[in-house]
Structures are given as structure tokens and as C-alpha cells.
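Here's the structure we're looking at; comments come further down.
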Amino acid sequence: MDQDVFLNLLIMAAADGSIAESELGLLAHRAAEWGITDEQFEDALEKAASGRAELTVPNDPAERKLLLKELVRMMAADGKLSDSEKQLFAVFSSASGIGDEELNRLIDEVIGDDS
């Protein structure tokens, strides 16, 4: 998986001003799954924590959908949905060009997968 996708997850995790242990657990799992090295993880963490990193929209439509699902998982990881996370997700989903109906279907898929 692309480092930019991983950085996007970190940005979402840090959107509410902190990264919860449950979010860190999901990040560690994805890092291992996607072959992200410790150095890449730390670099992405520094960028996300700086507040200067921005979400990037993947060019590939399948990767955009995957990232949207991962962002939903990240928002739900700590059991809290902050206004900053909702706003960031809304901006990203709009920039992704994915319609409301498809977005709702993706969210339902994630909720169904994780329940």
C-alpha cells in the first residue's frame, strides 16, 4: 500500500488533536499489513502531528474507495467522532468525487465488516 494512503490515515487519526491507543493499534496493524517500515511510520507520524500535512486523494478510483473505508475505520477506532474528523472526512469524500449514495454504501460495508 502506498505511503500516502498511510499518511492519510495518520492525518485522520490526529485530526482531533490526539491519537488514541485504539487508533494507534489500527495504524500499527495497517503498517504491518502494507509493509510500512518503522522509519516510514515515524516519518508519517511526525508529518501528521505537525498539522501541516494534508489529505491527498489517490488517482486510482479503487484506491480512493479503499481509503474512504479505511478513514471510516480510523474515525470509529476510538469510539468518538469529533467534529474535526467529520469535517476532514466530508472534505475528502467530496474531493474524491464519490456520490452520497456510494459513500453511504461504503460506510455500510465498513460497519457490516466490523460488526
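Stretching the chain fully between Ser82 and Ser18 yields a gain of 21.9 nm (0.36 nm per residue, less the alpha carbon separation). Screening the chain for DSSP H helices whose Cα atoms reach 15 Å or more along their own axis and whose mean Kyte hydropathy is at least -0.5 gives 3-14, 21-34, 61-77, 83-95. Local charge for Ala53 was computed over the other residues whose Cβ lies under 11 Å away, with Lys and Arg +1 and Asp and Glu -1, and equals -2. Placing unit charges on each Cβ (+1 for Lys and Arg, -1 for Asp and Glu) gives the chain a dipole about its Cα centre, and among Ala28, Val110, Gln3 the Cα reaching farthest toward its positive end belongs to Val110.
Rounding to the nearest 20 debye, state how big the charge dipole of region 3-114 is about its Cα centre with +1 on each Lys and Arg Cβ and -1 on each Asp and Glu Cβ.
Details: 10 positive and 24 negative charges, 45 e Å.
Using Cβ point charges on Lys, Arg, Asp and Glu, region 3-114 gives about 220 debye.
Restricting the trypsin sites (Lys or Arg not before Pro) of region 1-80 to loop positions (DSSP other than H, G, I, E, B) with no more than 15 neighbouring Cβ atoms within 10 Å leaves Arg52, Lys80. Distance from the Cα centroid of region 8-48 to that of region 59-80 is 13 Å (rounded to whole angstrom). Between Ala53 and Asp108, the FRET efficiency from the beta-carbon distance, with R0 = 25 Å, is close to 0.30.
Laboratory data are not the source of any read-out in this text; all were calculated from the coordinates shown. All figures in this text were calculated on a predicted structure; none of them were measured in a lab. As a convention, Cβ positions derive from the backbone with ideal geometry for all residues, glycine included, and neighbour counts pool all protein chains shown.
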